[in-house]
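K.L.:
This is the structure, below, for whatever I ask next.
The values are calculated or read from the model by the stated rules, or taken from the named source; none is laboratory data. This structure is a prediction, so every number in the text was calculated from the model and none was measured. Because the Cβ atoms are built from the backbone with ideal geometry, glycine has one as well, and the counts that use them run over all protein chains shown. Note: accessible area is taken over every heavy atom of the protein model, side chains too, but ligands, DNA and RNA are not part of it. Shrake-Rupley method; radii C 1.70, N 1.55, O 1.52, S 1.80 Å.
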Amino acid sequence: QPSGWSKGSYLNISAGWLWSANAGSNLWYRPMDFIPFQDKEQFAPLVEQMARCAAREVIALRDRFNTLEQIQRYLLTDQRQGGGPLLNAAIASWLVGEVDTSRELFQRIGRWPTDGYDWQKDLKAFSTRLNKSIDSTEKFRAVVLETIQHRRQANGLPPDPHCLDDALDSKGGP
């Protein structure tokens, strides 16, 4: 990430869940401080170090979130006051077969105030759509898969219509 004030770069690491209705990152952090640019000779080795750090962090995130259960455990601790974090926890809970937890989280989203912001209204509408299909594996899965495919396309990724197969064949849904 370049700086708006100085020449140089930050390193931001993020992870997001493609089932999330919003396009932002759901987890992000900055593992290195800003590297100022003075000249190519000074900057090049520091950027290489930054790239190695980024590679290590990506591997660590993949290990940390290797299963839906790991993702769900993290999301259940990241519920903050509402909105996206609750929605992600509700979806992950359904995907690992914890429908009662998912239902309770969707109910909390239903009580979440939107303060009139369109993005909050959209998130709440998406949550309501999912909650209405919570007892139907086919319907819930279709809504989640539609969102994943939309996000994959927006990120320039190829379609993957079977991305939920392994997870849901053994445990997901009611």
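K.L.:
Could you figure out which of (1) open to solvent by 60 Å² or more (accessible area, probe 1.4 Å); (2) among the charged types (D, E, K, R); (3) under 24 Å from Q149 (Cα atoms) isn't true of E69?
P.N.:
The number of the failed condition is (1).
K.L.:
Among the residues of the range 84-103 satisfying the criterion of being within 16 Å of the chain's Cα centre (by Cα) and small (G, A, S), which is surrounded by the fewest Cβ atoms within 10 Å (Cβ to Cβ)?
P.N.:
Looking at residues that are within 16 Å of the chain's Cα centre (by Cα) and small (G, A, S), I get G84.
K.L.:
Being loosely packed, with under 13 Cβ neighbours inside 10 Å, modelled with pLDDT under 90 and assigned to a helix (DSSP H, G or I) is true for just one of D169, D115. Which residue is that?
P.N.:
Of D169, D115, the one residue that is loosely packed, with under 13 Cβ neighbours inside 10 Å, modelled with pLDDT under 90 and assigned to a helix (DSSP H, G or I) is D169.
K.L.:
For the range 130-142, which positions are touching a Ser or Thr at 6+ places or on another chain (Cβ under 6 Å) and buried (at least 18 other Cβ atoms within 10 Å of the Cβ)?
P.N.:
Result: F140, single match.
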